[in-house]
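Structure, as structure tokens:
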Amino acid sequence: MNYDSYDNAYIAGILNSVKTIAMVGASANDVRPSYFVLKYLLAKGFEVFPINPGHAGKEILGRRVYGSLAEIAQPTDMVDIFRASAAVPGVVDQVLKLDPLPKVIWMQLGVRHDEAAARAEAAGIKVVMNRCPKIEYGKLSGEIGWTGVNSGVLSSKKPLMRSGFQSFGVRQK
């Protein structure tokens, strides 16, 4: 896998298949990127489980905060990592202990750890590094163009309507 460049079809396939997301490093501070990514993903209809040991048992955006991945009572499709790159091997260790394993490990902008990614892929988990699902969703749905950003995705196809506030969904190639 080339971790520096992802095909739009690969990202779209992930975003279309994922329904539940565990967000490791979710913040209750409304000016932190993890807070507004959490808010965005919830608005798009994803079920998001915030993980933050310092806020365990409390709520962020009406969602119960968990202290670790193991505390979530149901399987998750994706683990979104909002932690420093040095923390990734420990998070991947936690992920590999889950049963069933999630389909995807997604590392946020600026987060990359090739060795941990290789371990996850060896276990059959798809990996995305140094990307944001909020940005990718907005780009692939055409939504990011509403603010004048050129997404590089042009389509005359009618948007797929999904549940959630102004949620148009992501088209696969």
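The values are calculated or read from the model by the stated rules, or taken from the named source; none is laboratory data. Since this is a predicted model, take the numbers as computed values, not measurements. A quick note on method: Cβ atoms are made from the backbone with ideal geometry, for glycine too, and the neighbour counts reach across all protein chains shown. Side chains included, ligands, DNA and RNA excluded: accessible areas come from the protein's heavy atoms. Shrake-Rupley method; radii C 1.70, N 1.55, O 1.52, S 1.80 Å.
Name the residue, out of Pro53, Pro100, that is touching a Gly at 6+ places or on another chain (Cβ under 7 Å) and surrounded by fewer than 14 Cβ atoms within 10 Å (Cβ to Cβ).
Result of the check over Pro53, Pro100: Pro53.
Starting from residues that are part of a loop (DSSP other than H, G, I, E, B) and touching a Phe, Trp or Tyr at 6+ places or on another chain (Cβ under 6 Å), keep the ones in segment 99-129 and report whichever is farthest from Ser34 (Cα to Cα).
Checked segment 99-129; the qualifying residue farthest from Ser34 (Cα to Cα) is Met129.
Could you please find all residues in segment 91-114 being over 21 Å from Asp7 (Cα atoms) and either free of Cβ contacts under 8 Å to residues at least 12 places away in the same chain or of a type in the set (Asp, Glu) (or both)?
Of everything in segment 91-114, those that are over 21 Å from Asp7 (Cα atoms) and either free of Cβ contacts under 8 Å to residues at least 12 places away in the same chain or of a type in the set (Asp, Glu) (or both) turn out to be Asp93, Asp99.
Identify, please: which residue in segment 3-49 is over 27 Å from Ala70 (Cβ atoms) and acidic (Asp, Glu) and is, among those, least open to solvent (accessible area, probe 1.4 Å)?
Asp7
Provide a single number: the residues in segment 69-97 that are polar (S, T, N, Q) and either touching a Cys at 6+ places or on another chain (Cβ under 6 Å) or open to solvent by less than 30 Å² (accessible area, probe 1.4 Å) (or both).
1
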